[in-house]
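Written below as structure tokens is the structure these notes are about.
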Amino acid sequence: MGYFTADPKFEGYSGMVHGGIIATLLDSAMTHCLLKKGISALTGRLSIRYSCPIRVGTVVKLEARIMKRLHKVFFLQAKAFVEEKRAACAEASYMLQR
């Protein structure tokens, strides 16, 4: 789990955080989830679902977890919350790097 304050330099549409920044945050949360367990892996696929806009200046709570592993591929899920409301979620696969 981690937190991010949405700075104005990450603005897309007026007053809202750019969706690409949100995708980057979710991907980073999942990568750090793996690294925290000593797993070095690269993003293979990333799918994002946006539920509501995230306003610039708000605090975003990020959560990530490993769902499963199949051979050299890890499957993860991440969520972004603003004031306990889910703003975006992601599913991704990561390929083990050796």
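None of the figures in this text is laboratory data; all of them are computed from the coordinates on show. Values in this document were obtained by computation on a predicted structure and should not be read as measured data. Every residue, glycine as well, gets a Cβ built from its backbone with ideal geometry; the counts of neighbours run over all protein chains shown.
Some points to look at:
- Using just its DSSP H runs of length 4 or more, each adding -39500 (n - 2.57), the chain gives a mean residue ellipticity at 222 nm of -6000 deg cm²/dmol after division by all residues.
- Residues GLU11 and LEU35, FRET efficiency given R0 of 30 Å [Cβ-Cβ distance, rounded to 0.05]: 0.55
- Taking θ as phi - 60° and the Karplus parameters 6.51, -1.76 and 1.60, the scalar couplings of segment 57-72 work out to x, 8, 8, 10, 9, 10, 10, 9, 8, 7, 8, 6, 9, 10, 6, 9 Hz in sequence order, x denoting glycine and proline.
- Take 56-64, 73-81 and order them by the average number of nearby Cβ atoms within 10 Å per residue, most first; the result is 73-81, 56-64.
- Computed over segment 2-96, relative contact order equals 34 percent, with contacts defined as Cα pairs under 8 Å that lie 6+ residues apart.
- Per-pair calculated FRET efficiency, R0 = 30 Å: GLN97 and VAL59 via Cβ, rounded to 0.05: 0.40
- Gain on full stretching of the segment that runs from LYS72 to SER28 - 0.36 nm per residue minus C-alpha separation: 13.9 nm
- Using alpha-carbon coordinates, inclination of helix 19-36 to the longest axis of the chain, degrees: 40 degrees
- The peptide list 20-26, 85-91, put in order of mean Cβ contacts within 10 Å with the highest first, becomes 20-26, 85-91.
- Projecting the Cα atoms of HIS32, LEU96, PHE4 onto the dipole axis of segment 2-96, where Lys and Arg carry +1 and Asp and Glu carry -1 at the beta carbon, places LEU96 farthest toward the positive end.
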